[in-house]
1. Among the residues of the stretch 166-194, which ones are touching a strand residue (DSSP E or B) at 6+ places or on another chain (Cβ under 7 Å) and within 24 Å of Ser206 (Cα to Cα)?
2. If you take just the helices (runs of 4 or more DSSP H) that sit entirely in the stretch 30-107, which of them hold at least 1 residues that are closer than 18 Å to Ser164 by Cβ and of a type in the set (D, E, K, R)?
3. Within the stretch 204-263, how many residues turn out to be in a helix (DSSP H, G or I), modelled with pLDDT of 80 or more and in contact with a Lys or Arg (Cβ under 9 Å, 6 or more places away or on another chain)?
4. When residues of the stretch 153-165 are filtered for being surrounded by fewer than 20 Cβ atoms within 10 Å (Cβ to Cβ) and assigned to a helix (DSSP H, G or I), how many remain?
5. I want to confirm something. Restricting to the stretch 67-99 and keeping residues that are in contact with a Ser or Thr (Cβ under 9 Å, 6 or more places away or on another chain) and of a type in the set (Gly, Ala, Ser), which single residue is nearest to Asn135 (Cα to Cα)?
6. Among the residues of the stretch 115-137, is any crowded, with 16+ Cβ neighbours inside 10 Å, under 15 Å from the mean Cα position of the chain (by Cα) and not in a strand (DSSP E or B)?
7. Would the stretch 166-182 turn up any residue that is assigned to a loop (DSSP other than H, G, I, E, B), open to solvent by less than 60 Å² (accessible area, probe 1.4 Å) and on the phi > 0 side of the Ramachandran plot?
8. Which members of the stretch 56-79 meet the condition of being closer than 25 Å to Leu182 by Cβ and open to solvent by 30 Å² or more (accessible area, probe 1.4 Å)?
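The values are calculated or read from the model by the stated rules, or taken from the named source; none is laboratory data. Here the structure is a predicted model, which is why all the values come from computation and not from measurement. When we count neighbours, we look across all protein chains shown, and the Cβ atoms used for this are built from the backbone with ideal geometry, even at glycine. Surface accessibility is based on the protein's heavy atoms, side chains included, excluding ligands, DNA and RNA. Shrake-Rupley method; radii C 1.70, N 1.55, O 1.52, S 1.80 Å.
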Amino acid sequence: MKFFRKKVEPKRDGEVVPGWVLERFKDYSNPAYASLVELMGDSLPRERYGQMSGKNLVNELFPKDGAPSVLDVGCGHAKSKPMFLDRNAGTDWNGIEIAESYNVADLNNLPEGVKIYDGVNIPFPDKHFDFVFSNQVFEHVRHPEDLLKEIRRVLKDDGIFFGSLSGGEPYHWHSLFHFSALGWKTVLQDNGFRLDALYAGTDALSLLLHHWSANRKQLGPYFRLSILNELLSREKKQSEKAVLYENAIKLAFAGHLVFRATKS
């Protein structure tokens, strides 16, 4: 089976240069990916996309007006706070982080709105937040299902939990549990969430190169549109079945998983 085919692409100045395009599994016969389409069900996006990030979902989901409340789980130095406030200046932003985190340099000088917690028990009352956000944290969580129960507890009814986490990314910074697409859907459902959408972020191959590289700055562009995602996105748009199959392949090889879930 051929995985790649040559493609000729013109440059702006008229020169012709060779490129590469991923050869789609046109008969959709790989049982693992065909099965993943069925298993992911309505959480598998129906539309084509390049790749997603947690920031993309902030711009897509978070309201521009009102005073929505959001909790950033594993907030580090409150990096997400400006992102939410830029989106909506009236945001009630709060963050929690564990004392042992490498992202917390000084426990006596925490950013405003940040609280230290034990990694499971969230120090807020029931049904307190409209949104809970978590960006590349759950692969580091020692008791992920216990923390999911707590996130559900502090979310208002129909509140939204969203963000990203590691899938096929290599080991990094005490990472413990890297989830498959089906694995993340399963633990969310088991702990009171409906997975509304699951997207691929940077693919696993690009992240492997990133962690392997001695000069990671050179690989920065691959976080915006990574190698496998770019190749898949070059394919001509086909049937709905083809789009679903493409999105399943992206999830199967995703280094980062980007999700949106609702408290059920």
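1. Listed by number, the residues that qualify are Ser166, Gly167, Gly168, Glu169, Ser175, His178, Phe179, Ala181, Trp184, Lys185.
2. 54-61, 80-87
3. Final tally of qualifying residues: 10.
4. Going through the stretch 153-165 one residue at a time, the tally reaches 1.
5. The residue in question is Gly74.
6. There is at least one residue in the stretch 115-137 that is crowded, with 16+ Cβ neighbours inside 10 Å, under 15 Å from the mean Cα position of the chain (by Cα) and not in a strand (DSSP E or B).
7. No.
8. Scanning the stretch 56-79 gives Asn56, Glu60, Leu61.
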